[in-house]
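Working notes, structure below.
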Amino acid sequence: MTLVVTMLASGSSGNALLVRYAETALLVDCGLAMRAIEQHLRFVGMSPTALRAIVLTHEHGDHALSAGKLARRYGLPVVCNSATRAALEHHLDGVTVEELPISQRASLGPFDVTSFLVPHDAAAPVGYCMTVAGVTLGIAVDLGSWTPDLVTRLRAADLLVVEANHDRARLTAVGYPLAIRRRIFSPLGHLDNVQAGTLLAQIGADGRTRDVWLAHLSERANSPRVALKRVQGVLDQAGVSALRLSVLPRKAILAPGKLIVWQSDTRLRQMDLFG
Ligand SMILES: [Zn+2]
Ligand SMILES: [Zn+2]
């Protein structure tokens, strides 16, 4: 059986990732309007009631916008840590919350899910490693810096979803107010392209082949072309050649053949052949 990861949205206007294995599906972040999430699930032939859980990285609106609403409407549990739950306050009223303490493991259907703290200006923001049938998805979006522990954890991943938020020069040039720039640049803000490349170079230093989705690109202060070029440049300089980069668009295109999907069977087989 195959782990299938589908990108529904990525960026400051909304984040959601659909993770499926056999009959079990998880929605990682729910930062779109409920109607948009319903529409996306319908497009991939899934009812929201088939979701095992909505798994949240943190409480910011671009990640948690309709989590409570969707969970209430379809009777779905939300998985998050206690600080994120507290920060979401009444948004989770009436919702079953399955608390996953930071750095602990939970079984969600066949998925073995571990969370780990990421440095970001939210209550207790986390990344996740989700393992099923020997394949691991690693997620670290919305982080301003990282720790050696994060590198170690993400080394387990076959598919990495990592933020490359902005190009530093562009962010300075686009004229955001100083306070916003300071927030984004801070160790609790967002990774720029070079930082993302440096993190990936550390993860990829072990030489293992992995796929990487560069996520959460700023609309005004980055572009897919620039992100790819800068991150690849850092990897080249570091002599890391086994990572295969793609850039996530801000929104999924709901048309046949246009969805961004990663499937463990084909990707891992290709890696064996060409990696
Ligand atoms: Zn975000
Ligand atoms: Zn955030």
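The values are calculated or read from the model by the stated rules, or taken from the named source; none is laboratory data. The structure displayed is predicted, hence computed values, not measured ones. Glycine gets a Cβ as well: all are built from the backbone with ideal geometry, and neighbour counts include every protein chain shown. Side chains included, ligands, DNA and RNA excluded: accessible areas come from the protein's heavy atoms. Shrake-Rupley method; radii C 1.70, N 1.55, O 1.52, S 1.80 Å.
Checked against the criterion of being at pLDDT below 95 and away from ligand 2 (no atom under 16 Å from the Cβ), the range 162-169 has at least one qualifying residue.
Scanning the range 154-171 for residues that are over 11 Å from the mean Cα position of the chain (by Cα), more than 16 Å from ligand 1 (Cβ to nearest atom) and either part of a strand (DSSP E or B) or surrounded by fewer than 22 Cβ atoms within 10 Å (Cβ to Cβ) (or both) yields a total of 6. Residue 62 - would you say it is open to solvent by 10 Å² or more (accessible area, probe 1.4 Å), charged (D, E, K, R), under 21 Å from residue 253 (Cα atoms) and within 16 Å of ligand 2 (Cβ to nearest atom)? So residue 62 passes the test. Inside the range 137-150, residues that are farther than 17 Å from residue 250 by Cα and open to solvent by less than 10 Å² (accessible area, probe 1.4 Å) make up a count of 5.
Just one residue in the set 109, 68 is on the phi > 0 side of the Ramachandran plot and over 17 Å from the mean Cα position of the chain (by Cα); that residue is 109. Number of residues in the range 210-257 that are within 21 Å of the chain's Cα centre (by Cα), open to solvent by 10 Å² or more (accessible area, probe 1.4 Å) and small (Gly, Ala, Ser) equals 5. Can you confirm whether residue 83 is assigned to a strand (DSSP E or B), hydrophobic (A, V, I, L, M, F, W, C) and either away from ligand 1 (no atom under 16 Å from the Cβ) or open to solvent by 20 Å² or more (accessible area, probe 1.4 Å) (or both)? No.
Could you say whether any residue in the range 32-53 is crowded, with 22+ Cβ neighbours inside 10 Å, assigned to a loop (DSSP other than H, G, I, E, B) and either away from ligand 2 (no atom under 16 Å from the Cβ) or modelled with pLDDT of 95 or more (or both)? Yes: the range 32-53 contains one or more residues that are crowded, with 22+ Cβ neighbours inside 10 Å, assigned to a loop (DSSP other than H, G, I, E, B) and either away from ligand 2 (no atom under 16 Å from the Cβ) or modelled with pLDDT of 95 or more (or both).
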